[in-house]
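Encoded as C-alpha cells, the structure appears first; notes follow it.
The values are calculated or read from the model by the stated rules, or taken from the named source; none is laboratory data. Here the structure is a predicted model, which is why all the values come from computation and not from measurement. Methodologically, a virtual Cβ is constructed for each residue, glycine included, from the backbone with ideal geometry; neighbour enumeration extends over all protein chains shown. These accessible areas exclude ligands, DNA and RNA; they are computed on the full protein's heavy atoms, side chains included. Shrake-Rupley method; radii C 1.70, N 1.55, O 1.52, S 1.80 Å.
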Number of protein chains: 2
Amino acid sequence: MIDQKLAAWGRSGNIIREIAEYGAEQAKIVGADHVYNFTIGSPSIDPPACVFETMDRLRATVPAWELHTYAPAAGLPDVREKAAAYLTRSFGVPYRKQDIIITCGTSTCLVVMTKVLLSAGGRAMTFTPYFMDYKYYAESVGSTLTECPTVPDTFQLDLDAAERALTPDTMMLILNSPNNPSGVVYSRETLEGMAALLRKKSAEYGHPIYIVCDEPYRELVYDGGEVPYVPAIYNNTVICYSWSKSLSLPGERIGYFCVPPCVDDSENVYKAIQGAMRVLGHVCAPTMMQKVAAKCVGIKPDLTVYEQNRKTLYEALTSYGYRCIKPQGAFYMLIQSPNGDDNEFSEMAKLKNLLIVPGTGFGCPGFLRLSTCVDLAMVQRSLPAFKALIEECK
Amino acid sequence: MIDQKLAAWGRSGNIIREIAEYGAEQAKIVGADHVYNFTIGSPSIDPPACVFETMDRLRATVPAWELHTYAPAAGLPDVREKAAAYLTRSFGVPYRKQDIIITCGTSTCLVVMTKVLLSAGGRAMTFTPYFMDYKYYAESVGSTLTECPTVPDTFQLDLDAAERALTPDTMMLILNSPNNPSGVVYSRETLEGMAALLRKKSAEYGHPIYIVCDEPYRELVYDGGEVPYVPAIYNNTVICYSWSKSLSLPGERIGYFCVPPCVDDSENVYKAIQGAMRVLGHVCAPTMMQKVAAKCVGIKPDLTVYEQNRKTLYEALTSYGYRCIKPQGAFYMLIQSPNGDDNEFSEMAKLKNLLIVPGTGFGCPGFLRLSTCVDLAMVQRSLPAFKALIEECK
C-alpha cells in the first residue's frame, strides 16, 4: 500500500546529480584539477556584501530568538512590501504587499501552482527545452505536461506549434526565460504573439489560461539585453521568483509568488495558493533569510565571471567546430552533440573527466547543457578535452 | 477549474495565528505590557551559543558561495551522519547515515509520510488532542484522519478506543509525545500496549501499520521524566524530528526523517519518501543551518524559563480553582474551561487581553491551550486576569 509511483520517482534519480557525483569520485582518483565539471547550475560567485552586512546587523540588533522564530506563512510583512515596491519601481506595475507570498524558492511556487491549477482536471504546457521536474510536478497531481517545441536554431517560442498543442483543458503555460537549459531569452515579439494566442484560446475554451513565469534568472542577462516583463504583456500571469541566483543563495531557499489583482479570479487563486502551501507543510520560508532578502531585494548580481566563462566557451567551442547556442541570459549554454547522440557524447566526455549533461532530460535530445557558473581557470583547463572530443567524432 | 478545496483551506485560517494577530492589534491600543499572549508555540529562549559560534566559524572558514549553495536533496552527508550517531549514542540503536533524510522540519516529514502511506488508499489515525493540520494533510491526498480519544484526566493512550478505531485500511498512526497541546508524555506501558495491538492488527489485516512519531519536543521534558523511544518498542516506526524547539530555530526549517532498515519494506518507504520530496518541490533543507545542526546535534535546550512558567502557571491557576493538566513535557499546558465552553471562554479572555487557544481545533473541546514558552514577567502580570475570569464563571 506504499505509493509505487512515488517510489519510482525516488528511484529514477537525477541525471545532473549523478554525473556530478561521478565527477566527485573521479576527482579523488585523478585530482580535482583534472575534472571539468559543467553540471550543476549553482552560482559560483559569492553572495553580495549586502547579504553579510545585513546578517551582521540583524545579529547585533534583533534578539536571537526573534531573529529565528516563525514567520507568518505568507512571509514577513517587510519583505513582501519590499518585493512589491521593487517590482513597482522596476516595471511600473502597481503592486502591493498583499500581492506577494514568500516561499522556499521557485520549486515550491511551481509545485503549488500545479496543485492549484491542475488538481481539478487541468493540464499544463511548456516549451522545450525545460527544467525536467515540471513534468513530475504535473504527474504527481494526476495531470500531464504537454511539451511544445520551440523554433529550431533560435529556441524562441513556436506559435504555430503552440496553437496545435493547446487543448480545452490547458490551464497553465509555464514559461522560463532566461531559459534553463538554453540560455535563450524569449523575445517581446513572440511573447506578444503568445499572449494574443492565449487570449483567443481562453475565449474559445471559456476559461482562463494562466501563464506561470519561472524566473529565477531574471537579472542574469548579457550584452544589455531585455528580459520582457510578461505580466505587462499578458495580465493573467503569476510570477515565481527566487533570490537563489541573483543573490547566490540557492541553498537558503528563499523566493516569492506575485499574484496581483489583474490575474484572473485572483482572490481564489491567492487563497488556493495559501491552502496548497498549508497542506504541503509549508510553515514559513526561512526567517533570517527573509529579513536579508528584504534589505537586498534590488541588488544586481555581478555577472563578470559568468560573462567571461560564456565568452571563453563560446569562442573556443565554435572555433573547434561545435554548434553552440549563444546564451542571452542565465548561466547555461547548449551545444549540439557532434555525433548526434547526446547521451553517448556525454559518456564519451566522461572518459575525459569532462562532465556535461545530455539534453534528453530537458526535452532537447541531440544537445548538451554546460553550466557556465564555474571557475574560469577550470574552463580554460577543459578546452583541450572539448577539442579532442570533437576530433574523435569527425 | 481552480481547486476549491485548496481555496477553502486557504480561507479557513489558523485560529492560533488569528488570536495572536488580534493580540498584536490590541497591543497597539492598550500597550504591549497589558496583553497576555499565550498563543504561539515558539521558543522564547535564545538558541544555544553553539549555533552562533558555528555560524561564525563557518563564515570564517567556508567560501561564502559554498556555504550557501545547494545541498543534496537528502541532506549533507555530515549532518546525516551526526544525527544517526546521536540517535545511536542516545538510544543504543545501530543507525547509519543512510537512514537519515534531512527535511525542512517535521511538517515536511508528516506531509511526505501522508503522501507515501495514504495516496494508495490507506487511512491515518491519531490520538486526541493533536496538532490540527494532520487532518488537512490526510484530506489533501484524498484520505481521512481518524481521531481516537485518549483516557479522560490523564490524556494517555486509550487502547480499547484504539482497538475500536483501527480499520483494515489504517496504514499509519501518528504519535506526538511530548504532546502538543496537552504536554503529556505517553507512558512506556501504554506504548507497549499500543505496539502489541498494532502487531496483532497488522497480522490480522495482512499489511504493516506504521507508527509515525512527530517528535519536535523530544528533549523538552520536566522533572527528569522519561520520553520512551518508540522505535525500541515498535520496530515499524518512522521518526520525524525537528531542531525547531531544541535549538530555538523554528523559523529556520531544519529537521529530519529516520527510516532504519527495521522499518517494514524500508527500501520502498525510503525511496517513496525521496520521490515525494521531489514532487513536492523539496530541493534541499537550508544549507547553512544543516551545517549548524551538524555541530549542535546533541545540545540540550535550557529549560529553566519553561520550567518556571509551568510551575508559576500551574500553581497559580490551580489555586484559583482551574483544573489544569500538569505538563510533563513540551511547552504547553491544557486547562479545562471553567464554563465548559472553550470557544466562549477564549472570547471572554480576549476581553481581558488574555490570549489562549480553544481546544476544539485540537480535537479537545472544553479545554484551552496555554503556551508556556513566554516571558515570565508576562506570566506574572497575567495572573489577575486569570483570577478574574474564573470568578466571572462562578
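Tell me, yes or no, whether segment B:188-209 has at least one residue that is closer than 26 Å to residue B:246 by Cα and in a loop (DSSP other than H, G, I, E, B). No, because not a single residue in segment B:188-209 is closer than 26 Å to residue B:246 by Cα and in a loop (DSSP other than H, G, I, E, B). Listed by position, the helices (runs of 4 or more DSSP H) contained in segment B:293-394 that have at least 3 residues being within 23 Å of the chain's Cα centre (by Cα) and not basic (Lys, Arg) are B:304-320, B:342-351.
Residue pairs whose Cβ atoms lie under 6 Å apart, separated by 6 or more positions or on different chains, with the first residue in segment A:1-15 and charged (D, E, K, R) and the second part of a helix (DSSP H, G or I), are A:3/B:116; A:3/B:272; A:11/B:271. If the condition is being of a type in the set (S, T, N, Q) and either modelled with pLDDT under 95 or open to solvent by less than 20 Å² (accessible area, probe 1.4 Å) (or both), then segment A:361-394 contributes A:371, A:372, A:382. Considering each residue of segment A:93-101 in turn, at least one proves to be closer than 30 Å to residue B:10 by Cα, within 13 Å of chain B (Cβ to nearest Cβ) and at pLDDT 95 or above.
Which residues, counting only those in segment A:276-295, are within 30 Å of residue A:209 (Cα to Cα), facing chain B (nearest Cβ under 7 Å) and in contact (Cβ under 8 Å) with a residue 12 or more places away in the chain? Correct list: A:276, A:278, A:280, A:283, A:284.
Annotation: of all residues in segment B:128-140 being part of a helix (DSSP H, G or I) and more than 8 Å from every other protein chain (Cβ to nearest Cβ), the one that is surrounded by the most Cβ atoms within 10 Å (Cβ to Cβ) is B:138. Restricting A:97, A:82, A:5 to those that are within 29 Å of residue A:303 (Cβ to Cβ) and of a type in the set (Lys, Arg) reduces the list to A:82. Residue A:216 meets each of the listed conditions (1) out of contact with any Lys or Arg (no Cβ under 7 Å at 6 or more places or on another chain); (2) not in a helix (DSSP H, G or I) apart from (1). The condition of being more than 30 Å from residue A:286 (Cβ to Cβ), open to solvent by less than 10 Å² (accessible area, probe 1.4 Å) and either facing chain B (nearest Cβ under 9 Å) or aromatic (Phe, Trp, Tyr) (or both) holds for only one of A:125, A:171, A:194, that being A:171. Residue B:206 passes every criterion in (1) open to solvent by 20 Å² or more (accessible area, probe 1.4 Å); (2) closer than 21 Å to residue B:300 by Cα apart from (2). Listed by position, the helices (runs of 4 or more DSSP H) enclosed by segment A:31-122 that each have at least 2 residues that are free of Cβ contacts under 8 Å to residues at least 40 places away in the same chain and open to solvent by 10 Å² or more (accessible area, probe 1.4 Å) are A:49-61, A:64-67, A:77-91. Only residues that are in contact with a helix residue (DSSP H, G or I) (Cβ under 7 Å, 6 or more places away or on another chain) and either in a strand (DSSP E or B) or of a type in the set (Lys, Arg) (or both) were counted across segment A:244-259, and they come to 4.
Summed over segment B:141-161, residues that are open to solvent by 20 Å² or more (accessible area, probe 1.4 Å) and without any contact (Cβ under 8 Å) to a residue 40 or more places away in the chain total 14.
Table: residues versus (1) modelled with pLDDT of 95 or more; (2) under 18 Å from residue B:362 (Cα atoms).
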site: B:153; (1), (2): no, yes
site: B:158; (1), (2): yes, yes
site: B:167; (1), (2): yes, no
site: B:170; (1), (2): yes, no
site: B:176; (1), (2): yes, yes
site: B:180; (1), (2): yes, yes
site: B:185; (1), (2): yes, yes
site: B:189; (1), (2): yes, no
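Only one entry of A:379, A:357 meets the criterion of being within 23 Å of residue A:302 (Cβ to Cβ) and touching a helix residue (DSSP H, G or I) at 6+ places or on another chain (Cβ under 6 Å), and that entry is A:379. On the basis of being in contact with a Gly (Cβ under 8 Å, 6 or more places away or on another chain), open to solvent by 10 Å² or more (accessible area, probe 1.4 Å) and of a type outside the set (Lys, Arg), does residue B:225 make the cut? Against the criterion (in contact with a Gly (Cβ under 8 Å, 6 or more places away or on another chain), open to solvent by 10 Å² or more (accessible area, probe 1.4 Å) and of a type outside the set (Lys, Arg)), residue B:225 qualifies. When the residues of segment A:4-30 are filtered to those that are within 10 Å of another protein chain (Cβ to nearest Cβ) and either within 15 Å of residue A:350 (Cα to Cα) or hydroxyl-bearing (Ser, Thr, Tyr) (or both), the one that is surrounded by the most Cβ atoms within 10 Å (Cβ to Cβ) is A:20. Filtering A:270, A:241 for residues that are open to solvent by less than 50 Å² (accessible area, probe 1.4 Å), within 30 Å of residue A:57 (Cα to Cα) and modelled with pLDDT of 95 or more leaves a single hit, A:241. Of the residues B:236, B:268, the single one that is out of contact with any Lys or Arg (no Cβ under 6 Å at 6 or more places or on another chain), among the polar types (S, T, N, Q) and at the interface with chain A (Cβ under 10 Å from one of its Cβ atoms) is B:268.
Just one residue in the set B:297, B:305, B:283 is open to solvent by less than 30 Å² (accessible area, probe 1.4 Å), on the phi < 0 side of the Ramachandran plot and not charged (D, E, K, R); that residue is B:297.
Of the residues making up segment A:2-30, those that are on the phi < 0 side of the Ramachandran plot and either outside any helix (DSSP H, G or I) or among the basic types (Lys, Arg) (or both) number 7.
When each of A:298, A:329 is tested for being farther than 30 Å from residue B:6 by Cβ, away from chain B (no Cβ under 14 Å) and at pLDDT below 95, the lone residue that passes is A:298. Residues that are touching a residue at least 40 places away in the same chain (Cβ under 8 Å), in contact with a strand residue (DSSP E or B) (Cβ under 8 Å, 6 or more places away or on another chain) and either open to solvent by 50 Å² or more (accessible area, probe 1.4 Å) or among the acidic types (Asp, Glu) (or both) within segment A:308-351 comprise A:326, A:328, listed in sequence order.
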